[in-house]
1. Among the numbered criteria (1) touching a helix residue (DSSP H, G or I) at 6+ places or on another chain (Cβ under 8 Å); (2) modelled with pLDDT of 95 or more; (3) surrounded by 15 or more Cβ atoms within 10 Å (Cβ to Cβ); (4) not in a strand (DSSP E or B), which single criterion is violated by residue 225?
2. Please determine whether any residue of segment 58-72 is out of contact with any helix residue (DSSP H, G or I) (no Cβ under 8 Å at 6 or more places or on another chain), crowded, with 17+ Cβ neighbours inside 10 Å and either in the same structural domain as residue 248 (by TED's automatic domain parsing) or not in a strand (DSSP E or B) (or both).
3. Any residue at all in segment 67-75 that is at pLDDT 95 or above and out of contact with any strand residue (DSSP E or B) (no Cβ under 7 Å at 6 or more places or on another chain)?
4. Given the criterion in contact with a strand residue (DSSP E or B) (Cβ under 6 Å, 6 or more places away or on another chain) and in the same structural domain as residue 92 (by TED's automatic domain parsing), identify the matching residue among 15, 21.
5. Mind checking whether some residue in segment 205-224 is under 21 Å from residue 256 (Cβ atoms) and out of contact with any strand residue (DSSP E or B) (no Cβ under 9 Å at 6 or more places or on another chain)?
6. Is there a residue being buried (at least 19 other Cβ atoms within 10 Å of the Cβ), in contact (Cβ under 8 Å) with a residue 12 or more places away in the chain and over 20 Å from the mean Cα position of the chain (by Cα) anywhere in segment 194-217?
7. Consider residue 191 against the criteria (1) out of contact with any strand residue (DSSP E or B) (no Cβ under 8 Å at 6 or more places or on another chain); (2) closer than 26 Å to residue 136 by Cβ; (3) in contact (Cβ under 8 Å) with a residue 24 or more places away in the chain: it satisfies all of them except one. Which criterion is unmet?
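The values are calculated or read from the model by the stated rules, or taken from the named source; none is laboratory data. Treat the numbers as computed from the prediction; the structure is a model and nothing was measured. We place every Cβ from the backbone using ideal geometry, glycine too, and count neighbours over all the protein chains shown.
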């Protein structure tokens, strides 16, 4: 028999930013540094409680966040602002609590999530950027055509079966997802060597964004036509899509709830 849920516990919602370089991803793993473990240990030092924090998604090793959302239950009476200040004092410098809020009883960061937005950053230059090497992928094999990649990405907007972009399909009960927005653009001078890819969807499959970017790069370097993006969806074969690009260029930008579009924390 399942125990009755405690009614004396509050639910706290956190919005987090982090540099994922030093971590083996979000989810706790034995013997490895993870973001979940770092945050749970910080909460324990503040409240004395051994809690389990739920993230909106499990970012992989080396992936960053500008607006990850997490939730946990606590009996502590600290105000949300006090939680934010205390956590930022306890957490390492590569993790920051941007906001702490009181959430309704039973609210869950992953289960209530409606949409997520991811960004991937390419540094398109002959020479790598030493200050951004952990926050972008250095592509040095010629200038990529950002406009062609943007046009190709529009084939993915809408509801489709994205199994061709999932590592080791099937990982989920369904590989059907809805992409609301797909963007690719080169930043204006003096940052013109940076290319941003942004995708917003109701959910993403394992390594889906990194594989979509790898597919678009093949188009951007003129090795494949723009229509290839649509053909991969129809074929549904991972072997026909592009490479999985490195993790360090990927950012979880924001998470949306209650059918409200997320607001990026730039």
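1. With (1) touching a helix residue (DSSP H, G or I) at 6+ places or on another chain (Cβ under 8 Å); (2) modelled with pLDDT of 95 or more; (3) surrounded by 15 or more Cβ atoms within 10 Å (Cβ to Cβ); (4) not in a strand (DSSP E or B) applied to residue 225, the lone miss is (3).
2. No - not one qualifying residue is present in segment 58-72.
3. Pass one, segment 67-75, residues at pLDDT 95 or above: 67-75.
Then drop every residue that is not out of contact with any strand residue (DSSP E or B) (no Cβ under 7 Å at 6 or more places or on another chain), which leaves 75.
Among the residues of segment 67-75, at least one is at pLDDT 95 or above and out of contact with any strand residue (DSSP E or B) (no Cβ under 7 Å at 6 or more places or on another chain), which makes the answer yes.
4. Working: 21 fails: in contact with a strand residue (DSSP E or B) (Cβ under 6 Å, 6 or more places away or on another chain).
Sole residue among the options that is in contact with a strand residue (DSSP E or B) (Cβ under 6 Å, 6 or more places away or on another chain) and in the same structural domain as residue 92 (by TED's automatic domain parsing): 15.
5. Scanning segment 205-224 turns up at least one residue that is under 21 Å from residue 256 (Cβ atoms) and out of contact with any strand residue (DSSP E or B) (no Cβ under 9 Å at 6 or more places or on another chain).
6. The answer is no, given that none of the residues of segment 194-217 is buried (at least 19 other Cβ atoms within 10 Å of the Cβ), in contact (Cβ under 8 Å) with a residue 12 or more places away in the chain and over 20 Å from the mean Cα position of the chain (by Cα).
7. Against the list (1) out of contact with any strand residue (DSSP E or B) (no Cβ under 8 Å at 6 or more places or on another chain); (2) closer than 26 Å to residue 136 by Cβ; (3) in contact (Cβ under 8 Å) with a residue 24 or more places away in the chain, residue 191 comes up short only on (3).
To keep it simple, each residue is scored yes or no on (1) touching a helix residue (DSSP H, G or I) at 6+ places or on another chain (Cβ under 6 Å); (2) closer than 24 Å to residue 200 by Cα.
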{"residue": "117", "(1), (2)": "no, yes"}
{"residue": "122", "(1), (2)": "no, yes"}
{"residue": "130", "(1), (2)": "no, no"}
{"residue": "136", "(1), (2)": "yes, yes"}
{"residue": "141", "(1), (2)": "no, no"}
{"residue": "146", "(1), (2)": "no, yes"}
{"residue": "149", "(1), (2)": "yes, yes"}
{"residue": "154", "(1), (2)": "no, yes"}
{"residue": "157", "(1), (2)": "no, yes"}
